[in-house]
Amino acid sequence: LELLKNNQQLSGKRVLITAAGTREPIDPVRYIGNRSSGKMGYALAEAAAVRGAEVLLVSGPSNLAVPPGITVKRVETAAQMRDAVLAEFDNVDIVIKAAAVADYRPELPSEQKIKKSDNTLTITLIKNPDILRELGEKKKPHQLLIGFAAETQDLLVHAREKLIKKNLDLIVANDVTLPGAGFNIDTNIVKLIHKNGDIEELPQLSKKQVAEILIDKIYAMMTKST
Ligand code: CTP
Ligand code: CA
């Protein structure tokens, strides 16, 4: 009984997790994408569900299987991800934004397949909305907001800036240039930066292990703030 109880720390909590990368159409057959596989986000969804949370996964395109008991809303573009996330935000207690959202999209996707002609092709890109920043502005005191920061240099400086700018409770910073971290692999090396300034450095771990540790930290944050 004690085991069961310990395992269900998130029962009654609603958790929204975004995962994988977005695709921004150039024309009907092409898009701008990124190397995110969704592994970190799907591992988080599973870890939260195992601990009893009601999990809504908003996922960009990914080949991964959706773990049992999880509701998934599939999206393609950043705009679709924003709509899906904003539609649920007021109803959830915790948001974890593991998705790799495209910062820019083609301003005017071509309705027809673009034919090759000149030696160079210029596509004008326009900035996408920053979903996490919007959530940070709307956040209620009972809600926890967790973001990710993928960096190639000055990891802690940039991650801390994002934590503040987006009004997060915790940011998971990873240096995607390290072997054993980053896109499309099963392991990650992350630093957890709390809004009070505390930094926890985790060793190279499987993404599933990182997810479990993160869910434990979130539970600890919840019980501290209530
Ligand atoms: N994010 C988001 N909407 C965007 C871009 C990013 O919600 N349009 C979220 C990501 O899901 C992630 C966090 O913001 O949780 C940080 O993403 P990252 O790409 O590291 O930072 P940016 O703020 O986009 O800054 P930059 O890419 O210039 O480093
Ligand atoms: Ca970005």
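Laid out as a table, the results:
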| quantity | calculated |
| --- | --- |
| Complete set of residues in the stretch 65-117 that are in contact with a Leu (Cβ under 7 Å, 6 or more places away or on another chain), within 16 Å of ligand 2 (Cβ to nearest atom) and not small (Gly, Ala, Ser) | 85, 97, 104, 105 |
| All positions within the stretch 163-200 that are among the β-branched types (Val, Ile, Thr), within 15 Å of ligand 1 (Cβ to nearest atom) and either surrounded by 13 or more Cβ atoms within 10 Å (Cβ to Cβ) or modelled with pLDDT of 95 or more (or both) | 164, 171, 172, 176, 190, 193 |
| Matching residues in the stretch 94-104 - criterion: being outside any loop (DSSP other than H, G, I, E, B), among the aliphatic types (A, V, I, L, M) and within 7 Å of ligand 1 (Cβ to nearest atom) | 100 |
| Residue in the stretch 105-119 that is over 27 Å from residue 54 (Cα atoms) and either among the β-branched types (Val, Ile, Thr) or within 14 Å of ligand 1 (Cβ to nearest atom) (or both) present | yes |
| Odd one out for residue 178 among (1) in contact (Cβ under 8 Å) with a residue 60 or more places away in the chain; (2) assigned to a loop (DSSP other than H, G, I, E, B); (3) closer than 27 Å to residue 63 by Cβ | (1) |
| The stretch 141-171, subset assigned to a strand (DSSP E or B) and within 14 Å of ligand 2 (Cβ to nearest atom), residue nearest to residue 131 (Cα to Cα) | 147 |
| Unique residue being within 30 Å of residue 11 (Cβ to Cβ) and among the small types (Gly, Ala, Ser) when the list is 147, 180 | 147 |
| Test: residue in the stretch 135-150 that is touching a strand residue (DSSP E or B) at 6+ places or on another chain (Cβ under 8 Å) and farther than 25 Å from residue 58 by Cβ | no |
| Qualifying residues in the stretch 128-140 (those that are more than 10 Å from ligand 1 (Cβ to nearest atom) and in a helix (DSSP H, G or I)) - the one nearest to residue 193 (Cα to Cα) | 137 |
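The values are calculated or read from the model by the stated rules, or taken from the named source; none is laboratory data. Just so it is clear, the model here is predicted, and its values are computed rather than measured. All Cβ positions, even for glycine, are placed from backbone atoms using ideal geometry, and neighbour counts span all protein chains on display.
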